There are 2 protein chains.
Amino acid sequence: MRPRVVILGAGFAGLNAAKALKGAEDDITIIDRRNFHLFQPLLYQVAMAALNPSDIAYPIRSVFRNQKNVRKVLLGVVTDVDLEQRLVTVGDETVPYDFLIVATGATHSYFGHDEWEPIAPGLKTVEDALTMRAHVLSAFERADSDPEDADRLLTFVVVGAGPTGVELAGALVEIAVHAMGREFHDVDPTRARVVLVEGADRVLPPYVPSLSASARRQLEELGVDVLTNSLVSEIDERGVTLASGERIEAATVLWAAGVQASPVGSMVGEVDRAGRVRVEPDLSTPGRPEVFVVGDLAAVEGVPGVAPAAMQMGRHVGRMLKSGERKPFRYRDKGSLATIGRARAVADIKGFRFGGFLAWLAWLAIHIFYLIGFRNRVLVLIGWAWHYLTFRRGARIITGVPRNNPSSRPPEPG
Amino acid sequence: MRPRVVILGAGFAGLNAAKALKGAEDDITIIDRRNFHLFQPLLYQVAMAALNPSDIAYPIRSVFRNQKNVRKVLLGVVTDVDLEQRLVTVGDETVPYDFLIVATGATHSYFGHDEWEPIAPGLKTVEDALTMRAHVLSAFERADSDPEDADRLLTFVVVGAGPTGVELAGALVEIAVHAMGREFHDVDPTRARVVLVEGADRVLPPYVPSLSASARRQLEELGVDVLTNSLVSEIDERGVTLASGERIEAATVLWAAGVQASPVGSMVGEVDRAGRVRVEPDLSTPGRPEVFVVGDLAAVEGVPGVAPAAMQMGRHVGRMLKSGERKPFRYRDKGSLATIGRARAVADIKGFRFGGFLAWLAWLAIHIFYLIGFRNRVLVLIGWAWHYLTFRRGARIITGVPRNNPSSRPPEPG
């Protein structure tokens, strides 16, 4: 019988593991709670009304339509892993495996303040992005109906100055100044205030200090208020209170802080404080050479939780299984890039550090290159070109809640 | 003081009324519950995963960014109209008017069976379309996980064979055969059964019988089961029961029947059984020459509830207000077109009746022409061309429920 490889999660890690197994003598099953792979690095552009969800999402089945050994794509949530019997439970189905690749990733964490989630939406799923988009666009509309409360309605607080927070803050300024600026009569959207709050002493803490300084300068040139060394102590419907006691009245708070690994991690191994699974050098779990953990869920010294690392880990395990030869994983750092808005970014590519327009071009080229699927690449390019030429937002529509949506629960028989 | 014109609804009728007032000495306020105009005739393409919501939606503010006399765009739901004081209530705001144009349209009706709505989604809003999309795509995914129940999971019932029902039935066959066909292993999507149920004795009842016959033939060539003279007596989670007693086991039921006018109608005039307002020949309400009703909400003898009629009515009232001269409304019937799937349609243009590919080309050209806004036209063209060349669906992603979405309630101050 052909070895059965079960892959949990079709993010960058899981997808690349499956792709690396192309042509191998295995039967592959991919299990994900969604029917699509999401190009996460551009999700903030969906939240900021520049792209549509399907511009950056691609059906898993379509990705593998020409890869015969991907035998099954199963939609559902993993509720149990039986390491002894080698069985994964998904709803009322059990799926046996010979090799298990766990790539269920991470989501944002509210540091024990889950009550903040409805007020301060985060950015991990397509629904998160649409929720964020509706919050932001509605704030401008509400300001136009209620000029007396316009100061609060036009204040946007972004919590967390990692790459996502920096991207969101830059995009918010662009929306206020360029997209909305000329379309309101009773309120001036350009007076919108964007506040970026970060607990560490600089923005983009994982980067070298010179790039953090460049990013901060670029943000401030755009008009973003950057508050470092600032922890949030309270978030409510009317604004944010900092640990210093400072109060920011704001109708919109966006959450870009904290990482919490998927709960599947603790089903397959020993986890660290962030919920990530400790792995052997070859990315298998200790004592279970048939179980691998890849991507954001894996705790590997010196490997950041970024898309290129996830892709490399997935590919590594796929290749090992195909060749039958175990090797330690080695992360190749191809550099870091963070964008701050149109024509602004910072880059650190093999020690060559630069900011501004050139960094932004590099960012643009790399993201377009990596977008999987011909269609996505072309449409995203057109959307961007249009956006760039006209300063408009292509997807500036506020949409709400589909009723009785079967995708909000795991698919179930009957 | 400049006359204050308040327009309720930014559909085809309201939008065209405002456009016809361009350059007039009026202050125009547009009130809608959504921030965008929706190109309703292509909404079924969003439901069928071929287009994105923002491909066919355009922000109201952007439509009027260069029309100075559109002074205000207000998001909200109209809760009261005071005809004596000439005031419209929207949330806790009251808006005074000198002229009122009511264009709040119609939605689908479940004929007193509102309990069917969660099981059999209709198609009026973007959320409806995404709900329908998720139902349909999830049915295929569930069939793949549960082969024993696959017959029921792959049966799709469309209730109502008007233009929307015919379009949905044709598109469902295409999805099953072309989009899904090659991407499933354990289940054969091409065995999907599409049943179109209609109470009248033919499909497309408003059309001439020869075109109804042509449409039926084209539907049957595609493989659709067409049941005419068939009323639905019960819908539940497992299928549909017809008045004849026939039972169809089906996991997906789509609702394309019934029309119910907006409740704003009864706030401004006398309504007929369908909730539409009786109007004078110039589209004003009896005894209230300053109040007009246009579009699907107006009951005008011989004028169908279609987009061209709504556009003409809106334009008529706008022009009358601009010129100050009252004239009876005359509907110019430019013909009827209904599409049945790729390269299939029926057309009735000034008595010239034809079906098949030529009718489809006419349908395509007219819909692209009318799509407002440069961006929409180009992107829709590209999306379509891609779809046509590859038989794929560009927007085949199942999305769920954004959390705590402020757009799901009318915007409120604070």
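Values as computed for the structure displayed
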quantity: More than 35 Å apart - percent of Cα-Cα pairs taken over the protein assembly as shown; calculated: 52 percent
quantity: Sites A:Phe354 and B:Thr228, calculated FRET efficiency, Cβ-Cβ separation with R0 51 Å, nearest 0.05; calculated: 0.15
quantity: Mean separation of Cα contacts under 8 Å, 6 or more apart, over the residue count of the range A:175-256: relative contact order %; calculated: 22 percent
quantity: Of the DSSP H helices in chain B, those whose Cα atoms cover at least 27 Å axially and whose Kyte score averages -1.0 or more; calculated: B:126-145
quantity: Tail beyond 16 Å, pair distance distribution of the range A:90-194 (Cα, percent); calculated: 66 percent
quantity: Theoretical gain in end-to-end length, A:Glu237 to A:Glu249 [0.36 nm per residue, Cα-Cα removed]; calculated: 3.4 nm
quantity: Phi-based couplings in Hz for the range A:52-62 (Karplus 6.51, -1.76, 1.60; Gly and Pro marked x); calculated: 8, x, 6, 5, 10, 10, 9, x, 4, 4, 5
quantity: Label geometry 7 Å along the beta-carbon vector: A:Gly287 inter-copy distances in nm; calculated: 8.6
quantity: Among B:Asp348, B:Asp26, B:Asp149: highest mean-square fluctuation, GNM of chain B, C-alpha pairs under 10 Å; calculated: B:Asp149
quantity: Percent antiparallel among DSSP beta bridges (both partners in chain B, rounded to 5); calculated: 50 percent
quantity: Under 20 Å from A:Lys68, Cα to Cα: lysines that are on another chain or at least 8 residues apart; calculated: A:Lys19, A:Lys22, A:Lys322
quantity: Segment A:Ala343-A:Asp151, extension gain: residue separation times 0.36 nm, minus the distance between their alpha carbons; calculated: 66.3 nm
quantity: Percentage, to the nearest whole number, of Cα pairs in the range A:1-119 over 20 Å apart; calculated: 50 percent
quantity: Vicinal HN-Hα couplings computed from phi for the range A:150-162 (Karplus, 6.51 cos²θ - 1.76 cosθ + 1.60; Hz; Gly/Pro x); calculated: 5, 4, 5, 5, 9, 9, 10, 10, 10, 9, x, 10, x
quantity: Two-decimal ratio, the range A:88-134, of alpha-carbon radius of gyration to 2.2 N^0.38 Å; calculated: 1.67
quantity: Gain in span if fully extended, B:Gln67 to B:Val259, counting 0.36 nm per residue against the direct Cα distance; calculated: 65.8 nm
quantity: Inter-label distance for A:Asp333 and A:Asp201, nm, one decimal - labels placed 7 Å from Cα along Cα-to-Cβ; calculated: 2.0 nm
quantity: Net charge contributed by nearby residues that have their C-beta within less than 12 Å of A:Ser214 (K/R +1, D/E -1); calculated: +2
quantity: Positive-end residue of A:Met132, B:Ser233, A:Ala362, charge dipole of the protein assembly as shown with Cβ unit charges; calculated: A:Ala362
quantity: Base-10 log of normalised Debye intensity for chain A (one unit scatterer per alpha-carbon) at q = 0.09, 0.11 Å⁻¹; calculated: -0.57, -0.85
quantity: The protein assembly as shown: antiparallel DSSP beta bridges as a percent of all, rounded to 5; calculated: 50 percent
quantity: For A:Gln85, label point 7 Å along C-beta direction: distances to other copies, nm; calculated: 7.0
quantity: Computed over the range B:255-308, Cα set: Rg, Dmax in Å; calculated: 11.1, 38
quantity: Calculated label separations, B:Arg332, copies of the chain, 7 Å along the beta-carbon direction, nm; calculated: 6.6
quantity: Cα-derived Rg over Rh, computed across the range B:227-268 with Rh taken as Kirkwood radius; calculated: 1.18
quantity: Share antiparallel - DSSP beta bridges, the range B:259-372, percent rounded to 5; calculated: 85 percent
quantity: Computed E for B:His113/B:Arg273 - FRET, C-beta separation, R0 22 angstrom, nearest 0.05; calculated: 0.85
quantity: Relative contact order %, the range B:182-333, counting alpha carbon pairs below 8 Å whose residues are six or more apart; calculated: 12 percent
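Values in this text are rule-based calculations from the coordinates and carry no lab data. Being a predicted model, the structure only gives us computed values, none of them experimental. Cβ coordinates were reconstructed from backbone atoms using ideal geometry, including for glycine residues, and neighbour counts include every protein chain displayed.
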